[in-house]
Amino acid sequence: MTVATQTQFKEALSSKEKFNDFISDYFATHKFLSGSYDDGIYFENYQVHLDSKNGLVITLITGSYTGQAFPIKDTENISVEDFRQLILNKKFADKTTSLSDVFHMTADTIDR
């Protein structure tokens, strides 16, 4: 994510309407956001897309190389406003966090 987009993201957090517009604009040009993590023992892959009916749809596949028989796939739906509130309430310590990082961290907090 460019510095300009990071700045827009942080400014958009200030209001429900601005954030909804930012997310809508982001997914109008990107269609989905994906990422992964792998430390050699544990792995996860995630994909996020915007659905007009369900809001943000986050699909997370997690697994382990240490005996787990097969990866676990979980799909969660979250409204754009609920996602904004998670970000605001989490108060990420790292001010240089990218949108991808925020999605990743937020995916880890859903249903906890």
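The values are calculated or read from the model by the stated rules, or taken from the named source; none is laboratory data. Fair warning: this is a prediction, and the values are worked out from it, not measured in the lab. Here the Cβ is made from the backbone with ideal geometry for all residues, glycine too, and neighbour counts use every protein chain on show.
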Within region 27-80, restricting to residues that are among the aromatic types (Phe, Trp, Tyr) and touching a Leu at 6+ places or on another chain (Cβ under 7 Å), the one that is surrounded by the fewest Cβ atoms within 10 Å (Cβ to Cβ) is Phe27
Screening Gly35, Gly63 for residues that are assigned to a strand (DSSP E or B) and at pLDDT below 85 leaves only Gly35
